[in-house]
Amino acid sequence: MHTRTGQLLPFTLVLPSMAFLAVLILIPLAQALFLAFASDSGGFTLANFQRMLADANFSDAYRNTFLLLVLIVPLQVALALAIALLVNSRFRGHRLFFLIYTIPLAVSDLAAGLLWLAAFTERGYLNSVLQNAGVISQPVLWLSFDNFAGLVTAIVIAESWRTTAMVLLVLIAGLELIPRELSETAALFGAGRFRRAVHVVLPLLRPSLQSALVIRMIFAFQTFAVVFALAGRNLPVLAGGTYSSYATNHDERLAAAYGVVILALSLVAIVLYLSLPGPREAEVER
Amino acid sequence: MKAGTLDRGLIYGTALVLAIWALIPFYFIAISAFTPQSNVSAYPKPLFPGSVSVATMQLFLESSGVVPAMLNSLAVALLTVVVSLALGAPAAYALARFRFRGRAAFRAVVLVTKLFPVAILAIPLAAIFVRLGLYDSLISVALVHSAMAIPFVILIVGAVFVALPHDLEEAAETLGSSRWGAFRRVALPPAMPGLAAAAIFAFVISWNEVFAASILTVRARTLPAQVLASLSTSPLALKFIAAFFMVLPAVIFFILIRRYLRTVWGPR
């Protein structure tokens, strides 16, 4: 069985994709560092980062990115946990509801922003509903540049709507690794639904909760199109800084500096993710 | 059983509220996209519009460049499917079938690339593509999208081959079939649905991607890149119509591959 070709075969099969990823990730990564850290003469410089720090939008972008992260991630982890426990109770029709809850994941960040724009815009559906109900007498400007709370709320809602399903899928997979007998035994000893969730399921779900948290953090650093769709440039974020520096100001070195900040933040989170205790590989594979 | 009824009422009530939360933006965008021209700026808008019309949609589709952008998106997505499957599927097969040196390292690479913000690399890639004469081409966008899709293709296809028993292939080889023949006749047919799912997933990744597509193109815009570039200038009605066409294929394809979602976002 183990002929020479048999030993070479796996490498032959893996090599093309490895080479492709190396070319499309490692080379541009090196180029990004070069763009961000090299001066025009080729020497080392921090000038691009100094320009970035001096950029009127940078501190706002940094603050807003983390503000959105702090607001969105806990909210959607809590929501996803509630949905996961609900679906996992296996009520009749839970499969259909589970499918419905995951559909927003099919929507891109840009499209999600536009979907919720239909709700939050001045003559949108939110104002229409409130007006018809008599709650307001004229449209509220949720997305006006001077309504910071309104802008943030709309973005938090749109982004939570779209990506809660990602957390949900991680948690559902985690729940399925927990033997049902544990919960059933606890029920036998008189533990109610709530106590079983808190004392039996939650502690065992911790690895999945941790990975879900970190995965969402990584994506939060890239939050961009949903913000542009709802707030335009009135709410700067880090990834938006990369885009605007490049697309509007044609300043690829500044764009690269922004990009390096996002990459660094993501790498810290990825290292964190890999060092988390995950479910046993063997358990998962078969 | 009063308590049981109450319990069930609570479960279905919650489930229903959550379902409305998940679906209502789709409803908003659909009724927005089919609003007759006379009602585009009506306020307050009825939640159940008395009339729908494709006239506004037709007008914008004919004039705004949405259709060419959609064709670009389609070409890029199909190219992404071909490249990511051609490269990812063999690697997935190797991971599922062989124990080889570097296997663990390769698995780690797949995991890291799944989470790595590949799109951010579009900035330095733009400089490289300019030098190669590939800038502002559909090919350059498809290459970046392929890099984003490959880890997902490997996860889906890998899970499919892990689930198929290896014995059948070995039996076919013992009976005189070549390794390739055994693969093609025994392993491939039952893996086809999984390969199709991987292809669809790659398609959706590409169809939805906006950052790299915006950075790497000026005229060869995909639909999301076109919409993003004209966000500050295009009328609301056009935004909603464009969003409708961005969302529709993605959602349909997504529902088709629902069985494989846990493979992608499940435990690592």
- prompt: If you take the C-alpha gyration tensor of segment B:6-63, multiply each eigenvalue by 5 and take the square root, what semi-axes do you get, largest first, in whole Å?
  reply: 34, 12, 8
message: Can you report the principal axis dimensions of the protein assembly as shown using only the alpha carbons, biggest first, rounded to whole angstrom?
response: 80, 78, 46
statement: Residues A:Y258, A:Y101 in order from fewest to most other beta-carbon atoms within 10 Å are A:Y101, A:Y258
- prompt: For segment B:105-116, what does the Karplus curve 6.51 cos²θ - 1.76 cosθ + 1.60, with θ = phi - 60°, yield as ³J(HN,Hα) per residue in whole Hz, taken in order and with x for Gly and Pro?
  reply: 4, 5, 4, 5, 4, 4, 5, 5, 5, 4, 9, 5
- prompt: How much net charge surrounds A:D146 when only the other residues with a Cβ under 15 Å from the Cβ of A:D146 are counted, with Lys and Arg +1 and Asp and Glu -1?
  reply: -1
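Using only alpha carbon pairs under 8 Å that are at least six residues apart, calculate the relative contact order of chain A and give it in whole percent.
Working: 297 pairs, mean separation 74.1, N = 286.
Rounded, it is 26 percent for chain A.
I'd like to compare A:260-272, B:145-157, B:85-97: which one has the highest average count of other Cβ atoms within 10 Å, and what's the full order after that?
On the way: A:260-272: 18.2, B:145-157: 27.3, B:85-97: 22.9.
Result, highest mean first: B:145-157, B:85-97, A:260-272.
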task: Report, to the nearest 10°, how far helix B:236-256 tilts away from the longest principal axis of the Cα atoms in chain B, using its own Cα long axis and a range of 0 to 90°.
output: 30 degrees
query: Using the membrane-span-like helix rule (whole DSSP H runs, Cα extent along the own axis of at least 24 Å, mean Kyte-Doolittle hydropathy at least 1.0), which helices of chain A qualify?
result: A:4-21, A:58-88, A:148-177, A:202-220, A:252-275
field: Intensity falloff of chain A expressed as log10 I(q)/I(0), Debye formula with alpha-carbon point scatterers, at q = 0.15 Å⁻¹
entry: -1.21
query: Ordered by residue, what ³J(HN,Hα) values in Hz, to whole numbers, does segment B:80-85 give under the Karplus form 6.51 cos²θ - 1.76 cosθ + 1.60, where θ = phi - 60° and Gly and Pro are x?
result: 4, 4, 4, 5, 5, 6
query: Where is the GNM fluctuation largest for chain A (alpha-carbon springs, 10 angstrom cutoff): A:L168, A:L213, A:L46?
result: A:L46
- prompt: When the helix-only estimate is applied to the protein assembly as shown (DSSP H runs of n ≥ 4, each -39,500 (n - 2.57), divided by the residue count), what is the mean residue ellipticity at 222 nm, nearest 500 deg cm²/dmol?
  reply: -23500 deg cm²/dmol
statement: Note: B:86-97 gets an average of partner chain Cβ contacts (10 Å, Cβ to Cβ) equal to 5
query: If you plug each phi of segment B:197-214 into the Karplus form 6.51 cos²θ - 1.76 cosθ + 1.60 with θ = phi - 60°, what whole-Hz ³J(HN,Hα) values come out, in order, with x for Gly and Pro?
result: 4, 4, 4, 5, 4, 4, 4, 5, 4, 5, 4, 8, 6, 10, 5, 4, 4, 6
Around A:A118: net Lys/Arg minus Asp/Glu count, Cβ-Cβ under 13 Å: +2
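Exposure proxy check: A:D109, A:D146 ranked by fewest other beta carbons within 10 Å?
Ascending Cβ contact count within 10 Å gives the list A:D146, A:D109.
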message: Principal axis extents for segment B:65-265, Cα atoms only, whole Å, descending order, please.
response: 66, 36, 27
- line: Contact order relative to length for chain B, counting C-alpha pairs under 8 Å separated by 6 or more residues, stands in percent at 26 percent
As computed over segment B:26-93, the Cα convex hull volume per residue (Å³): 120 Å³
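Since every read-out is calculated from the coordinates, none of them should be taken as a lab result. None of these values were measured; they are calculated from a predicted model. Reconstructed Cβ throughout: ideal geometry from the backbone, glycine too, with neighbour counts over all protein chains shown.
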